[in-house]
Every structure is written in structure tokens, then in C-alpha cells.
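*Asks:* Next up is a structure, given as C-alpha cells.
The values are calculated or read from the model by the stated rules, or taken from the named source; none is laboratory data. Keep in mind it's a predicted model, so treat the numbers as computed, not measured. Quick reminder, even Gly has a Cβ in these numbers, built from the backbone with ideal geometry, and neighbours come from all protein chains shown. For the accessible areas, the whole protein counts, side chains as well, though only heavy atoms, and no ligand, DNA or RNA atoms are used. Shrake-Rupley method; radii C 1.70, N 1.55, O 1.52, S 1.80 Å.
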Amino acid sequence: DASGYGIKTIQYLDFYCPNLETLVISDNDLKEMNISALKELTSVVANNNEIGVITLPYDSKITNLNVADNMLASLSMDRLKHIHTLNVSNNHLGELYVNECAELTSLDCSYNHLTELVMTALTGLQSVNCGNNQFEQNRLQ
């Protein structure tokens with residue numbers, strides 16, 4: 001657990017911990033997070049930083065991603081095919097395409113700038129918090 005140490009970068013983490021499965025790096029000063037080389041990650045907890053950009057591994061194994069309370073304006077969901085729990089609350093997201101995340105069971109995307117959210121294909125979804133967004137009429141499905 002590397003939370004609360006004022007960390008500004010995670011450069012070379014892939015060199016020192018190439019088989020890392022869980023990354024907990026909350027309450028730091030990260031502005032960007034490139035974890036694309038960490039192919040074994042299954043859980044990432046990086047809430048309460050200043051992350052504006054996150055780069056995920058291709059064909060990611062991540063099942064739990066918590067990047068709440070950051071500065072994210074976008075998040076590429078195409079690399080999160082196995083995601084179960086996603087918390088992106090309190091960011092600056094204007095769009096979030098989760099409908100192809102078939103394994104998603106819990107979603108918190110509250111306090112963003114979302115105008116539309118489609119979840120019609122998410123048959124296993126058990127928990128959703130999408131309050132305090134800017135949804136247009138009939139754009140929450």
C-alpha cells in the first residue's frame with residue numbers, strides 16, 4: 001500500500017514490479033498514471049490523486065478499478081473487458097461507454113459531467129450510482 005506518501009510518479013514500476021497484481025496508490029499527487037506495462041494487474045485503487053490521464057494495459061486483467069476523486073476527462077473502457085467494479089466518481093468525465101463491459105457488477109460514476117449513460121447490455125449489474133451528472137431527458141438507459 002503506497003497511499004498518502006506524496007508520490008508524484010510511478011515511473012519504472014513495471015521494471016521493479018513486473019508481476020504486480022494489486023496497486024493501491026491513493027491519496028498522493030499523481031497527475032498521470034501509465035500502467036500499460038503492468039499486464040498482471042487485477043486491482044487498481046488510485047482514488048484521491050490529481051490524475052488527468054490513465055493509460056491501461058491492452059487486454060487488461062483488471063477487475064477492480066477505483067479512480068474516484070481525480071481529474072479524468074476521459075477513460076478508454078475498451079481495455080477493461082474483465083472489469084467487475086468501477087468507481088470513477090467525482091471526476092470530469094463527459095462520456096463513459098460501459099455497455100460492452102459484460103462482467104460489470106458495480107458502477108459508481110456519480111459527480112461527473114455525463115449527459116448519457118447506456119447500460120442495457122449489462123445484465124449482471126447489481127449496483128449503480130450515477131447521481132449528480134448532467135443527464136439529458138431519457139438519456140439514462
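*Asks:* Considering segment 33-51 alone, what residues qualify as being out of contact with any Ser or Thr (no Cβ under 7 Å at 6 or more places or on another chain), open to solvent by 30 Å² or more (accessible area, probe 1.4 Å) and within 19 Å of Asp78 (Cβ to Cβ)?
*Replies:* Passing the criteria: Ala37, Lys39.
*Asks:* Here's a follow-up. Would you be able to say whether some residue in segment 69-84 is closer than 16 Å to Asn129 by Cα and either buried (at least 17 other Cβ atoms within 10 Å of the Cβ) or not acidic (Asp, Glu) (or both)?
*Replies:* Yes - at least one qualifying residue is present in segment 69-84.
*Asks:* Would you mind stating whether Ser60 is out of contact with any Gly (no Cβ under 7 Å at 6 or more places or on another chain), modelled with pLDDT under 95 and closer than 15 Å to Leu86 by Cα?
*Replies:* yes
*Asks:* Return the residues of segment 53-62 that are touching a strand residue (DSSP E or B) at 6+ places or on another chain (Cβ under 7 Å) and open to solvent by 30 Å² or more (accessible area, probe 1.4 Å); say none if nothing qualifies.
*Replies:* Within segment 53-62, Val53, Thr55 meet the criteria.
*Asks:* Sticking with this structure for a sec: Pull up segment 11-41, narrow it to residues that are assigned to a loop (DSSP other than H, G, I, E, B) and among the aliphatic types (A, V, I, L, M), then point me to the one that is nearest to Leu93 (Cα to Cα). Give the steps one after another, and end with the answer.
*Replies:* Filtering segment 11-41 for residues assigned to a loop (DSSP other than H, G, I, E, B) gives 11-12, 17-21, 25-31, 35-41.
Imposing the further condition that a residue be among the aliphatic types (A, V, I, L, M) reduces the set to 20, 25, 30, 35, 37-38, 41.
On the way: Leu20: 28, Ile25: 21, Leu30: 18, Ile35: 20, Ala37: 24, Leu38: 24, Leu41: 23 Å.
Applying the filter and picking the extreme gives Leu30.
*Asks:* So which residues in segment 42-55 are assigned to a loop (DSSP other than H, G, I, E, B) and over 15 Å from Ala2 (Cα atoms), if there are any at all?
*Replies:* Passing the criteria: Thr42, Glu50, Ile51, Gly52.
*Asks:* How many of the residues in segment 2-34 are at positive phi and either at pLDDT 90 or above or among the acidic types (Asp, Glu) (or both)?
*Replies:* 3
Matching residues to (1) in contact with a Cys (Cβ under 9 Å, 6 or more places away or on another chain); (2) part of a loop (DSSP other than H, G, I, E, B); (3) of a type in the set (Phe, Trp, Tyr):
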| residue | (1), (2), (3) |
| --- | --- |
| Pro57 | no, yes, no |
| Lys61 | no, yes, no |
| Leu65 | no, no, no |
| Lys81 | yes, yes, no |
| Asn91 | yes, yes, no |
| Glu95 | no, yes, no |
| Glu100 | no, yes, no |
| Val128 | yes, no, no |
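*Asks:* Right, something else. How many residues does segment 85-101 hold that are modelled with pLDDT under 95 and surrounded by fewer than 18 Cβ atoms within 10 Å (Cβ to Cβ)?
*Replies:* Selection size over segment 85-101: 5.
*Asks:* Of all the residues that make up segment 102-126, how many are touching a strand residue (DSSP E or B) at 6+ places or on another chain (Cβ under 7 Å) and either outside any loop (DSSP other than H, G, I, E, B) or loosely packed, with under 13 Cβ neighbours inside 10 Å (or both)?
*Replies:* Residues in segment 102-126 being touching a strand residue (DSSP E or B) at 6+ places or on another chain (Cβ under 7 Å) and either outside any loop (DSSP other than H, G, I, E, B) or loosely packed, with under 13 Cβ neighbours inside 10 Å (or both): 5 in total.
*Asks:* Between a first residue in segment 129-141 that is over 16 Å from Val98 (Cβ atoms) and open to solvent by less than 90 Å² (accessible area, probe 1.4 Å) and a second residue that is at pLDDT below 60 and outside any loop (DSSP other than H, G, I, E, B), which pairs have beta carbons less than 7 Å apart while being 6 or more apart in sequence or on different chains?
*Replies:* Sorted first by the residue in segment 129-141, then by its partner, the list stays empty.
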